[in-house]
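Novice: If you scroll down you'll find the structure; I have some questions about it.
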Amino acid sequence: MTQRPSPTPRSTGRPVRVRLARVAHNCAILDADVAELCDGDGRWVTPVTDDAAIGGVLVTADPAGGYAIEVHLVALPVPLHALAVRLQTRIVDAVFELGLLGEVARVHVHVDGLATDPVGDDAA
């Protein structure tokens, strides 16, 4: 049995917001039904440094406290509600593994598009 890579990155001393974004990003890209993440022309990113950002994941302070995690993606043609719930659950579980669940106010998964061609199909 092949072991999948862990969606929970090792602690690197990065800010909590960046660690949460990395976890959400990893959970999404490891899902076979996610074709790609969408950065919304730079609107849906979490800055890591001045020159780098995690695209497709927006982590912001929530007015109620903690952080709101938004994942924006393009999905393969699958039942979308089930995909969103599955990703929410994986993200919450991964955040729990890191001991950061108390930092999360909410997790939203937005399907911003559907892939019309199989991933990796270069047919023109």
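Nothing in this text is a laboratory measurement; each read-out follows from the coordinates by a stated rule. Bear in mind that the values here come from a model prediction, so they are computed numbers and not experimental data. As a convention, Cβ positions derive from the backbone with ideal geometry for all residues, glycine included, and neighbour counts pool all protein chains shown.
Novice: Please list, by residue number, every one of the GluC sites (Glu not before Pro) in the stretch 66-105 that is coil in DSSP and has at most 10 other beta-carbon atoms within 10 Å.
Specialist: Details: sites: Glu70, Glu97, Glu103; in loops: none.
Nothing satisfies the criteria.
Novice: Run the simple label-point estimate for Asp112 and Arg86 please: 7 Å along Cα→C-beta, distance reported in nm.
Specialist: Label-label distance for Asp112 and Arg86, simple model: 2.2 nm.
Novice: A further question follows. Antiparallel versus total DSSP beta bridges in the stretch 16-120: what percent is that, nearest 5? Write down the numbers at each step before the final one.
Specialist: Numbers: 11 of 20 bridges.
Looking only at bridges with both residues in the stretch 16-120, the antiparallel portion is about 55 percent.
Novice: A further question on this structure: How do Ile29, Ile69 line up, fewest other C-beta atoms within 10 Å first? Can you show the working numbers first?
Specialist: Working: Ile29 14, Ile69 29.
Taking fewest neighbouring Cβ atoms as first place, the list is Ile29, Ile69.
Novice: Sort Arg19, Arg86 so that the residue with the fewest other Cβ atoms within 10 Å of its own Cβ comes first and the one with the most comes last. Please report the intermediate quantities before stating the final value.
Specialist: Working: Arg19 21, Arg86 16.
So the residues, fewest neighbours to most, are Arg86, Arg19.
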